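Chemist: I'd like to ask some things about the structure below.
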Amino acid sequence: MSDPTASAAGVTGTLEGHAGSPPTTAEPGREKPRSLGRDAWEDLRHNWVFWIASVLILILIVMAIAPGVFTSASPTASDLDVSRQGPGPGAPFGYDLQGRDVLARTIYGARASILVGIFATAFATIVGSFMGIVAGYYGGWTDTIVSRLTDVFFAIPIFLGAILVLTSFPSDENTSQVAAYTKVAVALAIFGWTSTARIMRSSVIQVKQADFVQAARALGASNSAIIRKHVLPNSLTPVIVVATISLGGYIGAEAGLSYLGIGLQPPVISWGIAISDAQTYLRVSPHMMMFPIAFLSITVLAFIMLGDAVREALDPKLR
Amino acid sequence: MGRYALRRLLQMIPVLLGSTFLIYVMVWALPGDPFAGRCGQRPCTDAYIAAQTAKFNLDDPLIVRYFKYLGNLLQGDLGQTFAGQNVSDLVARAYPTTLKLALVALTIEAVVGLGAGVLAGLRRGGYFDNFVLVSTLFVISLPVFVIGFMLQYGLGIRWGVFPVTVSAGAPFADLILPGLVLGSLSLAYVARLMRSSLAENIRADYIRTAIAKGLPRRRVVGVHAVRNSLIPVITFIGADFGTLMGGAIITEGIFNINGVGGLVYRSIRLREGATVIAVVTLLVLVFLLMNLIVDLLYAVLDPRIRYE
């Protein structure tokens with residue numbers, strides 16, 4: 001999980017701020033100037049990368065909700081007679097060491113990756129946005145303290161931090177699945193919220209100076225109302241971009257943690273665990289490793305492509 | 001410049017204190033008995049527990065323990081492991097290897113990434129540009145352990161181009177393949193950042209001026225366009241150095257390298273708190289120093305930036 005946000009840090013466009021620009025930017029013949037949101041959607045609609053990524057993500061989400069749609073085989077039924085047997089009729093992806101169907105296990109593994117990715121992104125985005133708004137909006141001493149706190153968490157490598165957290169609170173076979181997912185997601189988010197906080201802070205500082213915020217304050221709006229109605233909606237754009245891109249990163253990190261044996265634990269079905277189990281047999285039965293890797297990579301790729309497309313659509317500098 | 005650097009160095013102190021305290025709490029406030037399983041199958045003897053409790057000040061409240069630890073740290077004493085080894089010896093043995101690995105990775109990512117990014121950015125939309133975009137996307141989507149396995153299997157085992165594991169002493173030749181694996185993700189980001197930064201700057205007014213006054217293309221690109229486009233890339237590379245050193249856990253495992261990654265991973269699993277804290281503190285220090293160096297480099301790269 002290197003820093004995928006670095007490339008998104010330049011995005012500071014604001015929804016309202018753009019719409020308020022002089023109407024000369026609107027093409028002649030149009031009734032009213034389009035908002036940045038509408039503009040972005042027009043852009044996305046014609047972007048094939050966006051459609052490919054969306055379709056892939058949709059398929060993966062269906063896979064996570066209802067894996068039975070894609071395979072009739074059970075992911076836990078094992079038959080040692082067919083241990084490590086390669087792809088063939090009846091089992092297009094072959095069997096793993098325990099004689100379990102690799103296709104079924106790969107399909108069922110989508111749930112762990114998607115859930116951990118979404119949970120981690122949600123936690124990191126909520127905490128990061130909150131800290132960023134507090135620091136950016138209130139400024140002064142609050143800003144100094146929150147910013148230094150962000151620095152403290154930012155300085156610790158996220159993967160290392162996650163390992164530390166997960167070692168302190170290990171999962172075992174008695175942990176419920178949802179608890180196991182949440183634990184890994186929280187471990188990643190504890191050190192992952194910092195980039196969101198930094199981007200949110202700079203975005204809020206920009207919005208705060210806008211005339212409509214001053215106007216709202218002059219009309220006697222309370223701080224919380226200003227934040228809810230004006231600051232938050234107008235500083236969300238860069239955060240959305242970072243969230244989409246980092247979702248792919250979190251999925252990769254989950255696989256890495258599970259691969260090390262610290263993330264998710266069996267009996268949870270996860271691509272990281274499957275890859276880790278298969279590595280010993282890489283030379284004789286590569287199929288056991290290849291299919292989980294392919295699915296993992298496609299998932300990460302889909303989210304990164306989506307994030308890229310969204311960023312290009314929202315970044316006013318690229319217009 | 002000097003005053004700016006000094007102020008930044010002073011600002012580092014609270015961050016460093018905060019990070020070490022965070023790690024200290026996480027390591028020592030673990031639920032459970034620190035002596036569980038420490039003495040093999042038998043429970044630990046009272047004498048051993050008493051000695052270790054005294055050594056790590058386990059009877060003191062956490063905050064007192066932390067300040068005692070800091071006091072020792074300031075005197076250059078990193079403490080001992082439960083088995084009585086000096087943590088400083090362990091770190092001194094592991095650190096140079098990882099430093100070498102990170103330098104190799106950084107060199108590869110800077111040279112290849114910058115080269116690819118410049119070539120792609122100069123001809124945006126061209127054949128090479130599309131190749132760079134697609135191949136970097138591919139690299140970004142592959143987790144590092146997958147890249148590690150594939151390269152180790154392909155280049156190491158199948159074709160024997162590179163050694164499969166790294167021998168003792170970690171000579172630079174052995175570290176090329178692990179360095180490539182470790183730096184692969186950042187390489188992709190560097191190439192993409194450089195590409196977009198250059199593509200943006202190449203349309204700038206000062207480039208048009210430089211062309212208009214008849215400068216040779218080599219000078220326009222090399223001095224005016226590339227140098228000014230380097231700022232976001234340098235920022236990324238600088239921050240990445242710390243990540244590379246801390247993120248070497250998986251790469252070091254795959255290629256059997258005895259570095260900081262392996263040391264910290266083993267220490268976390270064995271609950272060797274003193275070692276974990278020492279290694280993480282050093283990583284944080286490297287990270288902060290690299291960020292400072294990067295900020296100072298801005299002034300060198302962009303003449304508009306001055307530090308008072």
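Chemist: Please work out how much accessible surface A:Ser224 shows to a 1.4 Å probe, ignoring ligands, DNA and RNA, in Å² rounded to 10.
Modeler: Answer for A:Ser224: close to 70 Å² accessible.
Chemist: Further question: Between the DSSP loop rule and a limit of at most 11 other Cβ atoms within 10 Å, which trypsin sites (Lys or Arg not before Pro) in segment B:222-308 are left?
Modeler: The qualifying sites are B:Arg304, B:Arg306.
Chemist: Related question: Per the Kirkwood definition applied to all pairs of different Cα atoms, how many angstroms is the hydrodynamic radius of segment B:117-241?
Modeler: The answer is 16.5 Å.
Chemist: Take every residue in peptide A:163-169, count the Cβ atoms of other chains within 10 Å of its Cβ, and give the average of those counts.
Modeler: Mean partner-chain Cβ count within 10 Å for A:163-169: 5.
Chemist: Additional query: If you take the charge dipole of segment B:91-301 about its Cα centre, with +1 on Lys and Arg Cβ and -1 on Asp and Glu Cβ, which of B:Met194, B:Gly222, B:Asn291 is farthest toward its positive end?
Modeler: Among B:Met194, B:Gly222, B:Asn291, the one farthest towards the positive end of the dipole of segment B:91-301 is B:Gly222.
Chemist: Rank B:Ile250, B:Ile234, B:Ile293 by mean-square fluctuation in a GNM of chain B with C-alpha springs under 10 angstrom and give only the top-ranked residue.
Modeler: Result: B:Ile293 has the largest fluctuation of those listed.
Chemist: Between A:Ala218 and B:Asn130, what is the spin-label point distance in nm, taking each point 7 Å from the Cα along the Cα→C-beta axis?
Modeler: Output for this residue pair reads 5.4 nm.
Chemist: Please give the Cα centre distance for segment B:199-246 versus segment A:119-133, rounded to the nearest Å.
Modeler: 33
Chemist: Positive end of the charge dipole of segment B:91-301 (Lys, Arg +1 and Asp, Glu -1 on Cβ, about the Cα centre): tell me which of B:Pro178, B:Tyr95, B:Val300 has its Cα farthest that way.
Modeler: B:Val300
Chemist: Please work out how much accessible surface B:Asp77 shows to a 1.4 Å probe, ignoring ligands, DNA and RNA, in Å² rounded to 10.
Modeler: The accessible area of B:Asp77 comes to roughly 70 Å².
Chemist: Return the single residue from B:Ala94, B:Ala105, B:Ala168 with maximal mean-square fluctuation; model: Gaussian network over chain B, springs between Cα atoms under 10 Å.
Modeler: Top of the fluctuation ranking is B:Ala168.
Chemist: Something else about it: Share of Cα-Cα pairs in chain B beyond 32 Å, in percent?
Modeler: Across chain B, Cα pairs with separations above 32 Å total 43 percent.
Chemist: Pick out, in residue order, every one of the trypsin sites (Lys or Arg not before Pro) in segment B:180-219 that is DSSP loop and has at most 14 other C-beta atoms within 10 Å; say none if there are none.
Modeler: Sparse-neighbourhood loop trypsin sites (Lys or Arg not before Pro): B:Arg203, B:Lys213.
Chemist: Mean separation of Cα pairs under 8 Å and 6+ residues apart, divided by the residue count of chain B: what relative contact order is that in percent?
Modeler: 26
Chemist: Now for a different question. Pick from A:Gly90, A:Gly132, A:Gly68 the residue whose mean-square fluctuation is largest in a GNM of chain A, springs joining Cα atoms under 10 Å.
Modeler: Greatest mean-square fluctuation among the candidates belongs to A:Gly90.
Chemist: What average count of beta carbons from other chains do you get within 10 Å of the Cβ of residues in B:143-153?
Modeler: Counting other chains' Cβ atoms within 10 Å and averaging over B:143-153 gives 5.
Chemist: Additional query: Please give the contour-minus-distance gain from B:Arg227 to B:Leu70: 0.36 nm per residue of separation, less the Cα-Cα distance, rounded to one decimal in nm.
Modeler: 52.3 nm
Chemist: Tell me, what is the percent relative contact order of segment B:202-308, built from C-alpha pairs under 8 Å that lie six or more residues apart?
Modeler: 29
Chemist: In the full protein assembly as shown, how much of B:Val25 is accessible to a 1.4 Å probe, in Å² to the nearest 10?
Modeler: About 50 Å², ignoring ligands and nucleic acids.
Chemist: Around A:Tyr138, with a cut-off of 11 angstrom between Cβ atoms, what is the net charge of the other residues, counting Lys and Arg +1 and Asp and Glu -1?
Modeler: Here the charged neighbours net out to +1.
Chemist: Only Cα pairs under 8 Å and at least 6 apart count here; give the relative contact order of chain A as a rounded whole percent.
Modeler: Dividing the mean separation by the residue count of chain A yields 27 percent.
Chemist: Counting only heavy atoms of the protein chains, get the accessible area per residue of chain A (1.4 Å probe) and round it to a whole Å² value.
Modeler: Computed with neighbouring chains in place, this is 44 Å² per residue.
Chemist: Any residues in segment B:221-251 that have 30 Å² or more less accessible area with all protein chains than in their chain alone, probe 1.4 Å, and which are they?
Modeler: Those are B:Phe236, B:Thr243, B:Ile249, B:Ile250, which lose 30 Å² or more relative to the chain on its own.
Chemist: Under a crude label model (7 Å from the Cα following the beta-carbon direction), how far is B:Arg42 from A:Ala66 in nanometres?
Modeler: My value for the distance between the label points is 6.2 nm.
Chemist: If R₀ is 22 angstrom, what is the calculated FRET efficiency for the pair B:Ala168 and A:Gln279, using the beta carbon separation as r and rounding to 0.05?
Modeler: 0.40
Chemist: Averaged over peptide A:144-155, how many Cβ atoms belonging to another chain are found within 10 Å of each residue's Cβ?
Modeler: Counting other chains' Cβ atoms within 10 Å and averaging over A:144-155 gives 5.
Chemist: What FRET efficiency would be calculated for the residue pair B:Ile157, B:Lys213, taking the C-beta separation as r and a Förster radius of 60 Å, to the nearest 0.05?
Modeler: After rounding, the FRET efficiency stands at 0.60.
The values are calculated or read from the model by the stated rules, or taken from the named source; none is laboratory data. Note that the structure is a prediction, hence the values are computed from the model and not measured. When we count neighbours, we look across all protein chains shown, and the Cβ atoms used for this are built from the backbone with ideal geometry, even at glycine. These accessible areas exclude ligands, DNA and RNA; they are computed on the full protein's heavy atoms, side chains included. Shrake-Rupley method; radii C 1.70, N 1.55, O 1.52, S 1.80 Å.
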